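Participant: Take a look at this one; I'll ask things after.
The values are calculated or read from the model by the stated rules, or taken from the named source; none is laboratory data. Since this is a predicted model, take the numbers as computed values, not measurements. Positions of Cβ are backbone-derived with ideal geometry, glycine not excepted, and every protein chain shown enters the neighbour counts.
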Amino acid sequence: MTKDAFVALVTCFRDDETLDFEATRRQVRRQVEAGNNIMCAGTNGDFTALTFEEKVQLTEAVVDEVAGVAKVIVNAGMPATFETMKLAREFDRIGVDGIAVITPFFIQTTQDGLIRHFSTVADGVQTPVYLYDIPARTQNHIEPETAARLAGHGNIAGIKDSGGAQETLEAYLGVGREHPGFAVYSGPDHLVHWSLRNGAAGCISGLGNVMPGVLAAILSAFNAGDEAEAARQQAIFGNFRKDLYALGYPPALVKRALYLMDASVGASRQPALLPDAAQDEKIRAILRAYELV
C-alpha cells in the first residue's frame, strides 16, 4: 500500500495578525508541488490562536487551492465536545478527506471521557475521523487500549501520534495490525522512516513546512522500495530536526525558520515567539548548513 506524507501546514498572518489567505495558498501549492498532502489548523497551524470562523475560512481556502490534487485533513479538536462537533460539521460540509480530533486540552479527561468525545464526533459526521494524540501539549493521552476500542467505530479511520515516544507509536501500530483499516500516522519527524517500515500508513509532519522536498523524498523512496535512499533522506531530516529544535519550542521554530526563508508567511500570533536577532542568526546558520537559504 502506498504511504502518504501530510504536512501540518503553517497558517500565514499579515503584520496586523489577520489571516493572509494568499500567502497560505502559496504554501499549499509549494507542498502539493513537492508531492505532499495537507493537514491544516493543526499544532503547526496555530489552531489555538484561530477563531471558529477563521478555521472554517482557512479550510475552505485550502480545499479550494488543493482542488482535489492532494488530500486534506483538518483538525477540529477543542476542549469541549460541543464546539468540536460544530467545527467537525462545518468541515464535513466543506468536504475534506479526514477530520482530525486532538484530545481535549485544559480539561482533564478520563479514558471513558475520551471514548465519548471521539465517538460523538465520529457519529455526527460522514467524513472519516482521526484521533490526534499529543499529550505534551494537551496533558491528555489516548491509551493504546482506548485506541483499540475506538478502532472498532465504523467512522474512526486512524490516529495521528505526536507523542514522540517510539514505544507508544509501536503500541498504536499494534492496534492497526489488529484492526485492519485503522491507519496510524507518525507525527515525530525523527521516526518517519522507522514508522513506515513498521506498518504506518504515513506521517503528518511539522518540519515538512521547511523541508518539503526531503519529506517527500523519504516517502517516494520508501514507496519505490529504495530503503537506502529513504534512510539517507531520513538522516537529513532527523539531523535538521535535532539542530533546529535544540533552540526551543518546535512549532514556533518551524514558523520562524520558514519566515527567514520566506517572510510572506508572517509571524505567529502573540504570545508566540518574538523576533530575536541572536536566535534568528542561529536559525539562519542552520538553514545555510542545510542549503535552505
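Participant: Could you say which residue among Lys55, Lys86 is over 26 Å from Ala263 (Cβ atoms) and among the basic types (Lys, Arg)?
Facilitator: Only one candidate passes the filter, namely Lys86.
Participant: Identify, please: which residue in the range 8-32 is touching an Asp or Glu at 6+ places or on another chain (Cβ under 7 Å) and among the basic types (Lys, Arg) and is, among those, farthest from Ser205 (Cα to Cα)?
Facilitator: Arg14
Participant: A follow-up question, please. For residues in the range 265-288 being within 22 Å of Thr51 (Cβ to Cβ) and of a type in the set (S, T, N, Q), which is nearest to the chain's Cα centre (by Cα)?
Facilitator: Ser268
Participant: How many of the residues in the range 144-184 are under 15 Å from Leu114 (Cα atoms), part of a helix (DSSP H, G or I) and within 18 Å of the chain's Cα centre (by Cα)?
Facilitator: The qualifying residues number 0.
Participant: Is one or more of the residues making up the range 118-128 more than 26 Å from Leu258 (Cα to Cα), touching a residue at least 40 places away in the same chain (Cβ under 8 Å) and in contact with a strand residue (DSSP E or B) (Cβ under 7 Å, 6 or more places away or on another chain)?
Facilitator: The answer is yes; a qualifying residue exists.
Participant: Another question, then. Go through the range 268-286 residue by residue and tally those that are crowded, with 20+ Cβ neighbours inside 10 Å and out of contact with any Asp or Glu (no Cβ under 8 Å at 6 or more places or on another chain).
Facilitator: 1
Participant: Considering only the range 196-255, how many residues are under 16 Å from Lys3 (Cα atoms), out of contact with any helix residue (DSSP H, G or I) (no Cβ under 8 Å at 6 or more places or on another chain) and of a type in the set (Ser, Thr, Tyr)?
Facilitator: The qualifying residues number 1.
Participant: Might you let me know whether the range 5-21 holds any residue that is modelled with pLDDT of 95 or more, in a strand (DSSP E or B) and under 18 Å from Gly95 (Cβ atoms)?
Facilitator: Scanning the range 5-21 turns up at least one residue that is modelled with pLDDT of 95 or more, in a strand (DSSP E or B) and under 18 Å from Gly95 (Cβ atoms).
Participant: Could you grab me the full set of residues in the range 94-117 that are in contact (Cβ under 8 Å) with a residue 12 or more places away in the chain, charged (D, E, K, R) and surrounded by fewer than 17 Cβ atoms within 10 Å (Cβ to Cβ)?
Facilitator: If the condition is that a residue be in contact (Cβ under 8 Å) with a residue 12 or more places away in the chain, charged (D, E, K, R) and surrounded by fewer than 17 Cβ atoms within 10 Å (Cβ to Cβ), then Arg116 is the only one that fits.
Participant: Tally the residues that are surrounded by 22 or more Cβ atoms within 10 Å (Cβ to Cβ) and either farther than 22 Å from Leu131 by Cβ or out of contact with any helix residue (DSSP H, G or I) (no Cβ under 8 Å at 6 or more places or on another chain) (or both), restricting the search to the range 47-57.
Facilitator: Total meeting the criteria: 0.
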